[in-house]
Amino acid sequence: MHIIKFYSFLLFVSLSLTSYSQSQDKIDVNKDIDLVKVYTQVVKEGYGTVSIYKELANAYYFRSNYSESKKWFEKLFSEEETKEEIHLYRYKQSLKALKLYTEDNVYLSTTGTN
C-alpha cells in the first residue's frame, strides 16, 4: 500500500514540474513586443495617425530619447492643435534637454504657453 502511495506521489510531483517548466516558456505579447518598433513601422508604411504620434512621442520621451521625442511631438502638433497640457510640457522638456528651447518656437507660441 505504501508503494502505491509513493508512486502516486512521485507521479504527481513529476507532472507538476513538467507543467511548471512548460509554462515558463510562454511569451507575453504585451511585454515582449516593442511597440515603438511596431508604431514606427506603421508610420513608415503610411498609416500614421494622431494617436500613434502621441504614443511614439511619449514613448521616446520616457526612454529619454529627446531628439526622437521632439520629432514626434512636432509631427503631432503639425497634424492637430493639441489641448493637452501634458504634451506641451513634455515637448518643452525635450527641447530643454536638447538645449533648443527658444521663446519663438512655432508650436509653443500658437498655444500661448511659453
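The values are calculated or read from the model by the stated rules, or taken from the named source; none is laboratory data. Remember, it's a predicted structure, so these values are computed and weren't measured experimentally. No Cβ is skipped: glycine too gets one built from the backbone with ideal geometry, and neighbour counts run over all protein chains shown.
Before we move on, is Y91 aromatic (F, W, Y), out of contact with any strand residue (DSSP E or B) (no Cβ under 7 Å at 6 or more places or on another chain) and not in a loop (DSSP other than H, G, I, E, B)?
So Y91 fits the description; yes.
Can you tell me which residue among K31, K26, K92 is basic (K, R), within 14 Å of the chain's Cα centre (by Cα) and modelled with pLDDT under 95?
K31
Can E68 be described as within 20 Å of L108 (Cα to Cα) and part of a loop (DSSP other than H, G, I, E, B)?
Spelling it out, it is not the case that E68 is within 20 Å of L108 (Cα to Cα) and part of a loop (DSSP other than H, G, I, E, B).
Please list, ordered by first then second residue, the pairs with beta carbon atoms under 7 Å, 6 or more apart or interchain, first in segment 57-76 and at negative phi, second crowded, with 17+ Cβ neighbours inside 10 Å and outside any helix (DSSP H, G or I).
L76/T82
Would you pick out the residues in segment 71-87 that are among the acidic types (D, E), surrounded by fewer than 16 Cβ atoms within 10 Å (Cβ to Cβ) and either in contact with a helix residue (DSSP H, G or I) (Cβ under 9 Å, 6 or more places away or on another chain) or assigned to a helix (DSSP H, G or I) (or both)?
E79, E80, E84, E85, listed by residue number.
Does segment 45-65 hold any residues that are under 16 Å from K96 (Cβ atoms) and assigned to a loop (DSSP other than H, G, I, E, B), and which are they?
S64, N65
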